[in-house]
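*Asks:* My questions will all concern the structure given below.
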Amino acid sequence: MIGLMSGTSLDGVDLVYTQWNGVGDVTLLKGETFPYSGEWIRELSTVSDYPRGDKQLHDIDVRLGQYYGHLVSEFISKHHINKVDAIASHGHTVHHQPEIGYTLQIGSGKEIFNLTRIKTVYNFRAQDVFLGGQGAPLVPVGDHLLFSAYDYCLNLGGFSNVSYDHNGVRKAFDICPVNTVLNFYARHLGYEYDKGGVLSRQGHVCSPLLSALNHLPFYKQTIPKSLGVEFLNQEVYPLMKSYGLSEVDLMRTFVEHIANQISNTLKKGKVLVTGGGAYHDFLIGRIKELNPDLEIFIPSDELIEYKEALIFALLGKLRLANEVNCLASVTGARKDHSSGEVCGS
């Protein structure tokens, strides 16, 4: 299986080549991240502005699918891969409004198949939303099957999300934004991201803004709950802009906000941390300081960077076997189910 993941932070497209010897036994044979070009970053950072059903969305969906297809072909050729049973693609999330029964991931799976001629599984979220669920997070099935030795699986990607076992039932939800916001302000300063927290460490916490962020209505919602770019555009960015602070002060305040939300959400135990935020030493340090009862585990670079792509390969494998890959206990859907569209015989 090849797993393909594009996160909301626009860091790039993660590709993994995996070999499965059973559902819980996987070898990650190859992994690579293809950074988005400046042109793609500009286009994808504003694509959510297009309304539902807009022709521009369809055009970008097709072009992005073709781009993903070319990346897969390049990945296969570069690493001399000679056997691929299927591709599983998360796509790139544009809209996520489960409260009105709508979610949209672009990067057409049909176009990936047309270019590679390899069976492709895609559009994993839509069925769950149709069944009354949040359509997210989807990774907890993989956390349960592959990483059950940890009390919490914490992903620090565009948004942070956590997965854990509660009395034999898997629970998971989005906690707060992370790299979407930090990268946004880092780019204002001419950097792709806040490497190690060098930028945010220079700033000062604005206590009134921190309090306002911590009191946003989302944080009072009960689970299941999930986040999308709408939350940023409608609530986070306007609030942060209203304080007229420098970028480093905004970043420092937001790091404190992230650390507050995570340290208050996770109670005690072993925490496996993955996603780009695992490299943000300053953020990790603040989480540890705010909650000393958490035993933080930072795994290998390979797992930090490719865990989500690896798990999407698993979701594709489960979908092709018509086995459950989406848990009602996590998303709030009416039932467990096997989600994803399949293109190719």
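Here's the yes/no breakdown for (1) under 13 Å from CYS176 (Cβ atoms); (2) modelled with pLDDT under 95; (3) not charged (D, E, K, R):
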site	(1), (2), (3)
LEU213	yes, no, yes
TYR219	yes, no, yes
SER226	yes, yes, yes
LEU266	yes, no, yes
LYS270	no, no, no
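*Asks:* While we're on this one: Considering only segment 77-95, state which residues are surrounded by fewer than 22 Cβ atoms within 10 Å (Cβ to Cβ) and touching a Phe, Trp or Tyr at 6+ places or on another chain (Cβ under 8 Å).
*Replies:* Listed by number, the residues that qualify are HIS79, ILE81, VAL84, HIS95.
*Asks:* ILE298 - would you say it is surrounded by 21 or more Cβ atoms within 10 Å (Cβ to Cβ) and not charged (D, E, K, R)?
*Replies:* no
Every residue, every condition in (1) under 23 Å from TYR185 (Cα atoms); (2) not polar (S, T, N, Q), yes or no:
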site: GLU247; (1), (2): yes, yes
site: ASN260; (1), (2): yes, no
site: LYS270; (1), (2): no, yes
site: GLY275; (1), (2): yes, yes
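*Asks:* When both residues are 6+ apart or on different chains and their Cβ atoms are under 7 Å apart, which pairs have a first residue that lies in segment 328-340 and is modelled with pLDDT of 95 or more, and a second that is among the β-branched types (Val, Ile, Thr) and open to solvent by less than 10 Å² (accessible area, probe 1.4 Å)?
*Replies:* These pairs meet every condition: GLY340/VAL121.
*Asks:* Okay, next question. In this structure, does GLY38 turn out to be modelled with pLDDT of 95 or more and either under 24 Å from LEU145 (Cβ atoms) or open to solvent by 20 Å² or more (accessible area, probe 1.4 Å) (or both)?
*Replies:* For GLY38, the condition - modelled with pLDDT of 95 or more and either under 24 Å from LEU145 (Cβ atoms) or open to solvent by 20 Å² or more (accessible area, probe 1.4 Å) (or both) - is not met.
*Asks:* On to the next question. Would you pick out the residues in segment 251-274 that are over 15 Å from ASN214 (Cβ atoms) and open to solvent by less than 10 Å² (accessible area, probe 1.4 Å)?
*Replies:* Those that are over 15 Å from ASN214 (Cβ atoms) and open to solvent by less than 10 Å² (accessible area, probe 1.4 Å): MET251, LEU266, VAL271, LEU272, VAL273, THR274.
*Asks:* Just need a number here: residues in segment 6-33 that are open to solvent by less than 20 Å² (accessible area, probe 1.4 Å) and at pLDDT 95 or above.
*Replies:* 4
*Asks:* Related question: Of all helices (runs of 4 or more DSSP H) completely enclosed by segment 264-345, which ones contain at least 1 residues that are among the aromatic types (Phe, Trp, Tyr) and more than 20 Å from the chain's Cα centre (by Cα)?
*Replies:* The helices (runs of 4 or more DSSP H) meeting that bar are 281-290.
Matching residues to (1) within 17 Å of LEU115 (Cα to Cα); (2) part of a helix (DSSP H, G or I); (3) aliphatic (A, V, I, L, M); (4) in contact (Cβ under 8 Å) with a residue 24 or more places away in the chain:
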| site | (1), (2), (3), (4) |
| --- | --- |
| ILE41 | no, yes, yes, yes |
| SER45 | no, yes, no, yes |
| SER48 | no, yes, no, yes |
| LEU57 | no, yes, yes, yes |
| ILE60 | yes, yes, yes, yes |
| GLN66 | yes, yes, no, yes |
| GLY69 | yes, yes, no, yes |
| VAL72 | yes, yes, yes, yes |
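The values are calculated or read from the model by the stated rules, or taken from the named source; none is laboratory data. Computed from a predicted structure; not experimentally measured. Don't worry about glycine lacking a Cβ; one is built from the backbone with ideal geometry, like all the others, and counts go over all protein chains shown. Quick note on the areas: whole protein, heavy atoms, side chains included, nothing else; ligands and nucleic acids left out. Shrake-Rupley method; radii C 1.70, N 1.55, O 1.52, S 1.80 Å.
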